[in-house]
Amino acid sequence: WHHSTILMLAWLSFELADPLWARMFVLNTFVHTIMYFYYALKALKINVPKRIAMVVTTLQLLQMATL
């Protein structure tokens, strides 16, 4: 659900040139880049400190609170 709605909102933001939605798109991309990098490290069995996991979770929650 999240990814499909973000895709539609990103498309609309570029169509309407709405700076608010453009900022949301950038925020979403930023959070997902960090999140997937973290997941990649975990998949490679690289030890990642718990503190980093908490940062990823906090960023996700903050992102959802701003949408």
What are the residue pairs meeting all of these: first residue in region 56-67, first residue under 14 Å from Val26 (Cβ atoms), second residue part of a helix (DSSP H, G or I) and among the aromatic types (Phe, Trp, Tyr), Cβ atoms under 7 Å, and 6 or more apart or on different chains?
none
Out of Met8, Met24, Met35, report the one residue that is of a type outside the set (Ser, Thr, Tyr) and touching a residue at least 40 places away in the same chain (Cβ under 8 Å).
Met24
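Here, each number is a calculation from the coordinates, and none is a lab measurement. All values reported here derive from a predicted model rather than from experimental measurement. Because the Cβ atoms are built from the backbone with ideal geometry, glycine has one as well, and the counts that use them run over all protein chains shown.
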